[in-house]
Amino acid sequence: MRKGLHPVTIAMLLFGFAFLYAPIVILIIFSFNEGKLVSVWSGFSPKWYGELLRDPQILSAAWMSLKIAAMNASVATVLGLFGAYALGRFGAFKGRTLFTGMMTAPLVMPDVITGLATLLLFVGLAWQRGMSTITIAHITFSMCFVAVIVRARLSSLDQSLEEAAMDLGARPAKTFLLITIPMLAPALVAAWLLAFTLSLDDLVIASFVAGPGSTTLPMVVFSKVRLGVSPEINALGTLIVLLVTLCIVVAALIFQRQEAQRLADAQMADRAD
Amino acid sequence: MSAGGAGGLGARLRARLFSQRTVVLLPPYIWLLLFFLAPFVIVLKLSISEAAIAMPPYLPILDWADGLIPDFTGTFYNFSFLFTDDLYVVAYLNSIKIALVSTIACLLIGYPMAYGIAKAPGTWRNALLMLVILPFWTSFLIRVYAWIGILKNNGILNNLLIGLGIIDQPLPMLHNDFSVYVGIVYSYLPFMILPLYANLAKMDESLLEAAADLGAKPWKTFLAVTLPLSVPGIVAGSMLVFIPAVGEFVIPELLGGPDTLMIGRVLWNEFFHNRDWPVASAVAIAMLLFLVVPIVIFQHYQGKTDEAAS
């Protein structure tokens with residue numbers, strides 16, 4: 001049946017990927033532009049990277065964003081894992097419909113609504129706004145994305161291993177820690193990375209719930225972009241693209257090796273039978 | 001899966017570990033009740049409050065001054081206000097129009113791409129899928145920003161078209177509805193492709209072979225078999241694009257013109273510039289009322305994929 005792709009399909013793929021990647025490629029190219037324009041080439045220069053690294057506003061905002069993103073990703077991965085496990089393994093329980101709803105609605109909820117609603121909660125609680133409120137707001141939507149990734153992996157896992165552990169007398173908590181979590185590891189790493197980047201990327205929700213002294217990187221970028229385009233922002237974008245690509249490639253390679261190792265082990269075990 | 005008899009995992013958990021189940025379920029449950037559901041109740045309350053010059057800038061909706069039964073001092077003025085000023089109605093309709101057209105454009109570009117990836121040879125498939133996901137991981141704000149340099153009057157696209165002699169005056173492509181469409185389609189395209197791919201990849205090949213064996217032409221097989229079977233993917237992808245696009249703020253703010261009215265932008269301005277929290281809340285509730293139907297459709301689909309998975 002597979003006779004290769006139709007030329008029209010190939011053309012659409014090429015067009016689609018060009019559309020997705022052209023802006024990123026152009027962004028990277030003009031981060032090395034000598035002049036201040038981001039659309040007219042006037043010579044190669046890495047000077048904007050120097051400007052970027054000397055900009056105290058960007059540096060302190062970047063540090064703030066990284067701290068929030070790391071805390072967010074760690075808490076969201078645990079909460080998302082618990083939520084996904086409950087939905088994937090517990091069957092029916094009281095309040096499941098409401099729980100499913102709350103786990104999926106944040107995936108599509110417009111940021112302006114979530115941002116306003118979360119802010120009003122913090123005002124109502126008289127909670128001092130700042131880093132903690134941004135982190136909490138980020139965890140709330142990140143955990144739902146984590147749960148999507150974990151559930152996909154959970155549903156493809158062979159439950160017989162977990163059942164075997166229990167049959168051998170392991171308590172469910174031990175089975176969860178020693179069998180389920182290691183099998184979910186690739187999904188958990190991917191989920192942590194996704195939660196990290198979602199937080200690093202959020203402008204709207206953070207703007208609503210931020211307080212004085214908790215300016216994040218997207219907030220600085222947004223205010224700079226509003227004043228006009230600058231190769232400094234291109235340089236920042238290039239660094240982010242490089243960092244993310246590196247993380248994903250490294251993670252993919254590690255898991256490919258682990259998967260190969262696991263297959264080899266399984267073959268050894270088969271032969272031993 | 002849980003139907004594994006008395007030794008089944010579900011039965012074991014039920015019988016032995018009620019408490020451990022609770023330990024797993026309660027943290028995410030309470031978190032979402034407190035930080036996701038409760039805020040919406042507060043928005044609802046605030047949308048019927050009166051604005052005031054105070055901090056926080058609104059009045060309580062219940063007055064406990066005389067006796068045990070409070071007087072309702074709330075107001076539905078904020079909602080009627082939304083209808084008295086054309087701004088809000090126009091912004092709503094415009095947001096829906098822009099989101100709808102963008103969703104259709106995403107579908108027209110995304111469907112052939114998802115189809116191509118699903119039909120690509122195995123070694124290519126993962127790489128192509130990775131290429132779809134990768135932009136989604138890099139800064140959304142900076143990717144939207146990149147379009148400014150491409151679309152502006154002396155931007156890359158205009159320079160290219162003038163250089164090729166296709167046009168001699170730069171086309172106005174930035175700060176209008178066109179650039180907003182480009183920005184939304186570009187940003188949300190991966191959200192359309194991924195559920196479509198998931199659907200198309202698991203499609204039963206034997207159905208297509210049967211159609212071909214019975215003499216159906218490839219395009220007829222596509223229309224009669226592939227397309228109807230991929231409807232769940234189309235619905236999921238469309239909802240993932242349409243719902244957030246209605247409330248989009250960053251794209252109309254950076255790429256749109258001053259007269260590109262979208263409801264997310266209106267809400268932002270009510271809150272940050274006019275500091276009218278009750279009207280901002282009313283705008284949010286009105287937007288939510290409109291989005292409830294698409295959100296329920298989306299959740300229904302998610303629930304179905306859950307069932308299919310377990």
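Would you mind finding the one in A:Ile240, A:Ile205, A:Ile233 that is in contact with a Gly (Cβ under 6 Å, 6 or more places away or on another chain), within 11 Å of chain B (Cβ to nearest Cβ) and under 25 Å from B:Pro135 (Cα atoms)?
Working: A:Ile240 fails: in contact with a Gly (Cβ under 6 Å, 6 or more places away or on another chain); A:Ile233 fails: in contact with a Gly (Cβ under 6 Å, 6 or more places away or on another chain).
Every option except A:Ile205 fails the conditions.
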**Request:** Please specify each residue of the stretch B:22-42 satisfying the condition of being under 20 Å from the mean Cα position of the chain (by Cα) and either surrounded by fewer than 20 Cβ atoms within 10 Å (Cβ to Cβ) or of a type outside the set (Phe, Trp, Tyr) (or both).
**Result:** B:Leu32, B:Leu37, B:Pro39
**Request:** Name the single residue, out of those in the stretch A:1-58 being of a type in the set (Ser, Thr, Tyr) and within 19 Å of A:Val221 (Cβ to Cβ), that is farthest from the chain's Cα centre (by Cα).
**Result:** A:Ser39
**Request:** Please determine, by comparing only the residues of the stretch B:144-175 that are out of contact with any Leu (no Cβ under 8 Å at 6 or more places or on another chain) and assigned to a helix (DSSP H, G or I), which one is nearest to the other protein chains (Cβ to nearest Cβ).
**Result:** B:Ile156
**Item:** In the stretch A:134-172, the residues that are surrounded by fewer than 23 Cβ atoms within 10 Å (Cβ to Cβ) and among the aliphatic types (A, V, I, L, M)
**Value:** A:Ile136, A:Val148, A:Ala152, A:Leu154, A:Leu157, A:Leu161, A:Ala164, A:Ala165, A:Met166, A:Leu168, A:Ala170
**Prompt:** Taking only pairs six or more apart or across chains, which ones have beta-carbon atoms under 7 Å, a first residue in the stretch B:28-42 that is within 7 Å of another protein chain (Cβ to nearest Cβ), and a second residue that is surrounded by fewer than 17 Cβ atoms within 10 Å (Cβ to Cβ)?
**Reply:** B:Ile42/A:Gly124
**Request:** Select from the stretch A:204-259 the residues that are over 19 Å from B:Trp147 (Cβ atoms), more than 18 Å from the chain's Cα centre (by Cα), small (Gly, Ala, Ser) and crowded, with 19+ Cβ neighbours inside 10 Å and list them in ascending order.
**Result:** A:Ser207, A:Ala210, A:Ser214
**Message:** I'd like the full set of residues that are in a loop (DSSP other than H, G, I, E, B) and either touching a residue at least 60 places away in the same chain (Cβ under 8 Å) or at positive phi (or both), limited to the stretch B:176-221.
**Reply:** B:Asn176, B:Met203, B:Gly215
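Residue by residue, here is whether (1) modelled with pLDDT of 80 or more; (2) buried (at least 17 other Cβ atoms within 10 Å of the Cβ); (3) under 26 Å from the mean Cα position of the chain (by Cα) holds:
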| residue | (1), (2), (3) |
| --- | --- |
| B:Gln20 | no, no, no |
| B:Leu44 | yes, no, yes |
| B:Thr84 | yes, no, no |
| B:Thr103 | yes, yes, yes |
**Request:** Give the residues of the stretch B:188-236 that are farther than 30 Å from B:Gly247 by Cβ and among the polar types (S, T, N, Q), sorted by residue number.
**Result:** B:Ser206, B:Thr221, B:Thr226
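Take the stretch B:205-224 and flag every residue that is within 12 Å of another protein chain (Cβ to nearest Cβ) and under 29 Å from the mean Cα position of the chain (by Cα).
Residues of the stretch B:205-224 within 12 Å of another protein chain (Cβ to nearest Cβ): B:205-213, B:218-219, B:221-222.
B:Phe222, the sole residue that qualifies.
Working carefully through the options B:Phe76, B:Phe140, B:Phe178, find the one that is among the hydrophobic types (A, V, I, L, M, F, W, C), within 30 Å of B:Val279 (Cα to Cα) and within 13 Å of chain A (Cβ to nearest Cβ). Lay out the reasoning, then the answer.
Working: B:Phe76 fails: within 13 Å of chain A (Cβ to nearest Cβ); B:Phe178 fails: within 13 Å of chain A (Cβ to nearest Cβ).
Exactly one of B:Phe76, B:Phe140, B:Phe178 is among the hydrophobic types (A, V, I, L, M, F, W, C), within 30 Å of B:Val279 (Cα to Cα) and within 13 Å of chain A (Cβ to nearest Cβ), namely B:Phe140.
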**Message:** Which of the helices (runs of 4 or more DSSP H) found entirely inside the stretch B:225-310 contain at least 1 residues meeting this: at the interface with chain A (Cβ under 9 Å from one of its Cβ atoms), free of Cβ contacts under 8 Å to residues at least 12 places away in the same chain and surrounded by fewer than 24 Cβ atoms within 10 Å (Cβ to Cβ)?
**Reply:** B:263-272, B:277-309
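Is it the case that the stretch A:80-87 has a residue that's closer than 26 Å to A:Ser214 by Cβ and within 12 Å of another protein chain (Cβ to nearest Cβ)?
Of all residues in the stretch A:80-87, those closer than 26 Å to A:Ser214 by Cβ come to A:80.
With the extra rule that they be within 12 Å of another protein chain (Cβ to nearest Cβ), the set shrinks to A:80.
Yes: one or more hits.
The values are calculated or read from the model by the stated rules, or taken from the named source; none is laboratory data. For clarity, every value in this text was computed on a predicted model and none was experimentally measured. Glycine also receives a Cβ, built like all others from the backbone with ideal geometry; neighbour counts cover every protein chain displayed.
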